[in-house]
Amino acid sequence: MIIPCEIASKSVIPAIRAMVARELIEQYGMKQEQVAVRLGVTQAAVSKYQHQVRGEAIQLESAPEVQRMSRDIASMLSKSPSPIAVSQKLCQACTDVRALGLMCETCHKVDQAWDVEHCTICFGNHSCSELVSIEPGSIGKYRRIPIRT
């Protein structure tokens, strides 16, 4: 059994990092080495993000909310933020992506036995609720798997 947090760590986080890396390179003129230091990854990883070889397990670019999040994170990283502030932003982005229902299909692909249709894990309470918030209007907005009650 693979839990949603594992799937998020292997799909959502790399996808967000890829979007942020491309934003830092294209909009802020940063070099791959600079981006790597800011994101805490290798220069090779940034190259793969830039050329869409890594971070493509889940498609997030079509959601305006995720584009806004990645721009905000890139803006933060273009300065010299604290690692904790960056971690909070990335955690919030991951939580929001999940709450928007953008990860449901990926969960289903990873584990066909998972009852994705009735799963509400990503839409509920989280242990990090003091740090993150989910707007009620956004919950499941992009979920394409119907919920039968």
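Points worth noting:
- Scanning the stretch 65-90 for residues that are more than 17 Å from Ala18 (Cβ to Cβ) and assigned to a helix (DSSP H, G or I) yields Pro83, Ile84, Ala85, Ser87, Gln88.
- Residues of the stretch 19-44 that are in contact (Cβ under 8 Å) with a residue 24 or more places away in the chain and more than 18 Å from Pro83 (Cα to Cα): Met19, Arg22, Glu23, Ile25, Gln27, Tyr28, Met30.
- Answer from Ile58, Ile16, Ile84 - the residue that is over 13 Å from the mean Cα position of the chain (by Cα), of a type outside the set (S, T, N, Q) and closer than 30 Å to Thr120 by Cβ: Ile84
- Residue count for the stretch 46-74, restricted to those that are out of contact with any Gly (no Cβ under 9 Å at 6 or more places or on another chain), farther than 15 Å from Thr95 by Cβ and either surrounded by 21 or more Cβ atoms within 10 Å (Cβ to Cβ) or aliphatic (A, V, I, L, M) (or both): 5
- Single residue of the stretch 107-118 satisfying the filter (part of a helix (DSSP H, G or I) and in contact with a helix residue (DSSP H, G or I) (Cβ under 6 Å, 6 or more places away or on another chain)) that is farthest from Gly140 (Cα to Cα): Val110
- Among the residues of the stretch 11-45, those identified as among the basic types (Lys, Arg) and either crowded, with 17+ Cβ neighbours inside 10 Å or assigned to a helix (DSSP H, G or I) (or both) are Arg17, Arg22, Arg38.
- Checking each residue of the stretch 3-24 against the condition of being among the hydroxyl-bearing types (Ser, Thr, Tyr), under 30 Å from Lys109 (Cα atoms) and at pLDDT below 95 gives at least one match.
- Take the conditions (1) farther than 18 Å from Gln88 by Cα; (2) touching a residue at least 40 places away in the same chain (Cβ under 8 Å); (3) crowded, with 19+ Cβ neighbours inside 10 Å; Ala8 misses just one of them, which is (1).
The values are calculated or read from the model by the stated rules, or taken from the named source; none is laboratory data. Model, not experiment: these values are computed from the prediction. No Cβ is skipped: glycine too gets one built from the backbone with ideal geometry, and neighbour counts run over all protein chains shown.
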